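Scroll down for the structure; my scribbles are underneath it.
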Amino acid sequence: MIENKALISYLQTLENLDAASFLAAPAEPRTIRLNRLRLNEPKELLARYREQGFRFKALPFTGEGFLLHQAPYSLGRTMDFFSGKLTFQGASSQLPALALDPGPGERVLDMAASPGSKSTQMAALMENRGQLVINDVNRDRLQALNANVLRQGVMNAAVYNLPGERLGRLMPEYFDAVLLDTPCSGLGTLSSHPEIWSWWRPERLQKLTYVQRQLMVSAVKTLKQGGRLVYSTCSVAPEENEAIIDWALKHYPLELEGIEHVGMEMFDPGWRLEGQAVLERCKRVWPHKHNMEGFFVARLRKTDRYYNHHDAPPQYNLSFVPHNDPRVVDVLAAISEAWGIDPLFWRDKRFRRTSKRLWVSSAGESYLPEERFMSGGLFFGVERRPVWKLTHHAIQTLGHRITRRRIRLSDNDFKTLTKEGRVDEKSLPRGYYALEFKGEPVMAVFKEEGYLRVRLPQELDV
């Protein structure tokens, strides 16, 4: 660890912090979250892993999160991870979405989303209904974000690459709920991110608080009157936490609500600043008290209208079309015919098509800005001859709705295919197929030249 006297001195000046205990706290244990969009029977999945020597402990504030205390092998190489039934997400990281409590049918914004763990958690809470706008300013981080969104079967999302400060003007009073998990110093994660010791300076903290205020203003503008906003950080610094909330309450039509989610009463209240008792409605998580990464969560309500009425009216030019739109009718019919899918499956979905690709959205009728739009819905298929190729994500979403072009392999051949990318196959005609794993369609494979072939993001242990 690089000695940073300025940081040690700063932590020691925080009157409500036991700096020695905080600095001695161990890193948060690895944590998984089960994905209800992909998983019907979580108890069966956990029981199967427990039989293989895994040891889990349920988080007290959610039925989907589990601390991983013992792992004989990596869950990241399993078919359950590949098919999106489980994902890695820190325990503290699961709190903001629970505090926001987004529901089916709502319009929800994740303002600084990468790598997408909270976004996918919110999509599950929304049951893939309503509209989830996922934004991140860092284009380089969008690849990981998109991979998470696709793997976990999120169909109601639209992904943007915008400065968060821009969203208040682009989508004013549009959202029912906003999550602002803001960029921060990360001081709550010191035990697992020792690199913070090398760069932390008071000047850097000051710059971060400026950004946090600007993002807060934009978040307030995007909210409808009566909408709710969760502000969160993985920092212990009051300048990034209670001070931001106190400033926002004084300048904008907001009220601070208590966080009533069951199980979250175990966490500490926020710190009073200048005698402001209302700030105790916030929540603080401590590594040395709760065995979790340090975190701060506040929930606010917008009590009145607020945005810049002098701005030009927003232009919502981007739309997804219904199943009977001429641009997609023939495509959907071809996919249904080739893969044996009941055409009724498409009726409540919306679609976006480029020259060769198809995205399917469950967000219902909606219009969005075109500015820095990256993707929307689930990437479903690519036009190939003689049939449209379905993506792995589409096959996992459709599951048993696929009644044609389904195949299975012996256990040995399946292992060979997932490790080497191909396996001998002489009997099938050339083309694309949905390969089953334990009776469930899980991936798209291609038959050519005496082989079945597959492209996977990594080698799997099956």
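The values are calculated or read from the model by the stated rules, or taken from the named source; none is laboratory data. Here the structure is a predicted model, which means the values were calculated and not measured. Here the Cβ is made from the backbone with ideal geometry for all residues, glycine too, and neighbour counts use every protein chain on show.
Would you check if there is a residue in region 220-238 being assigned to a loop (DSSP other than H, G, I, E, B), free of Cβ contacts under 8 Å to residues at least 60 places away in the same chain and in contact with a strand residue (DSSP E or B) (Cβ under 7 Å, 6 or more places away or on another chain)? No, there is no match, as no residue in region 220-238 is assigned to a loop (DSSP other than H, G, I, E, B), free of Cβ contacts under 8 Å to residues at least 60 places away in the same chain and in contact with a strand residue (DSSP E or B) (Cβ under 7 Å, 6 or more places away or on another chain). In the set L11, L39, only one residue is outside the structural domain of F373 (by TED's automatic domain parsing) and over 25 Å from the mean Cα position of the chain (by Cα); that residue is L11. Among the residues of region 122-149, those identified as of a type in the set (D, E) and within 22 Å of T182 (Cβ to Cβ) are D136, D140. The listed residues are S185, S192, and the only one of them that is buried (at least 23 other Cβ atoms within 10 Å of the Cβ) and over 16 Å from A97 (Cα atoms) turns out to be S185.
Of all residues in region 264-293, those satisfying the criterion of being of a type in the set (G, A, S) and either in a helix (DSSP H, G or I) or at pLDDT 95 or above (or both) are G270, A277. If the condition is being surrounded by 20 or more Cβ atoms within 10 Å (Cβ to Cβ), over 30 Å from P429 (Cβ atoms) and under 21 Å from the mean Cα position of the chain (by Cα), then region 351-368 contributes S361, S362, A363, L368. Taken over region 43-82, residues that are of a type outside the set (A, V, I, L, M, F, W, C), surrounded by fewer than 16 Cβ atoms within 10 Å (Cβ to Cβ) and over 19 Å from the mean Cα position of the chain (by Cα) amount to 16.
Count of region 175-217 residues, restricted to those that are over 19 Å from F295 (Cα atoms) and within 21 Å of the chain's Cα centre (by Cα), is 3. Take the residues of region 252-272 that are among the aliphatic types (A, V, I, L, M) and buried (at least 16 other Cβ atoms within 10 Å of the Cβ): which is farthest from L190 (Cα to Cα)? Going through the qualifying residues, I end up with L254. For R455, the test of being more than 25 Å from Q143 (Cβ to Cβ) and not in a helix (DSSP H, G or I) is failed. With respect to the conditions (1) surrounded by 24 or more Cβ atoms within 10 Å (Cβ to Cβ); (2) among the hydrophobic types (A, V, I, L, M, F, W, C); (3) within 30 Å of T391 (Cα to Cα), A147 falls short on a single one, namely (1).
Can you find a residue that is touching a residue at least 60 places away in the same chain (Cβ under 8 Å), part of a helix (DSSP H, G or I) and among the basic types (K, R) anywhere in region 76-84? Within region 76-84 (the criterion being touching a residue at least 60 places away in the same chain (Cβ under 8 Å), part of a helix (DSSP H, G or I) and among the basic types (K, R)), the answer is yes, since at least one residue qualifies.
Looking across region 238-277, the residues that are hydrophobic (A, V, I, L, M, F, W, C) and within 23 Å of K224 (Cα to Cα) come down to I244, I245, W247, A248, L249, L254, L256, I259.
Which one of these is exposed (fewer than 15 other Cβ atoms within 10 Å of the Cβ) and farther than 28 Å from A147 by Cβ: N40, N4, N16? Quick ask: steps written out before the conclusion?
On the way: N40 fails: farther than 28 Å from A147 by Cβ; N4 fails: exposed (fewer than 15 other Cβ atoms within 10 Å of the Cβ).
Only one candidate passes the filter, namely N16.
Return yes when V387 is over 15 Å from S336 (Cα atoms) and touching a helix residue (DSSP H, G or I) at 6+ places or on another chain (Cβ under 9 Å) and no when it is not. The answer is no for V387.
Checking R327, R299 one by one, the residue that is more than 16 Å from F379 (Cβ to Cβ) and surrounded by 18 or more Cβ atoms within 10 Å (Cβ to Cβ) is R299 and no other.
A count restricted to region 123-144 and to residues that are modelled with pLDDT under 95 and either among the hydroxyl-bearing types (S, T, Y) or surrounded by 21 or more Cβ atoms within 10 Å (Cβ to Cβ) (or both) stands at 1. Under the condition of being touching a residue at least 12 places away in the same chain (Cβ under 8 Å) and within 15 Å of A124 (Cβ to Cβ), the residues counted in region 17-44 number 9.
Taken together, the residues in region 273-288 that are of a type in the set (D, E) and surrounded by fewer than 16 Cβ atoms within 10 Å (Cβ to Cβ) amount to 1.
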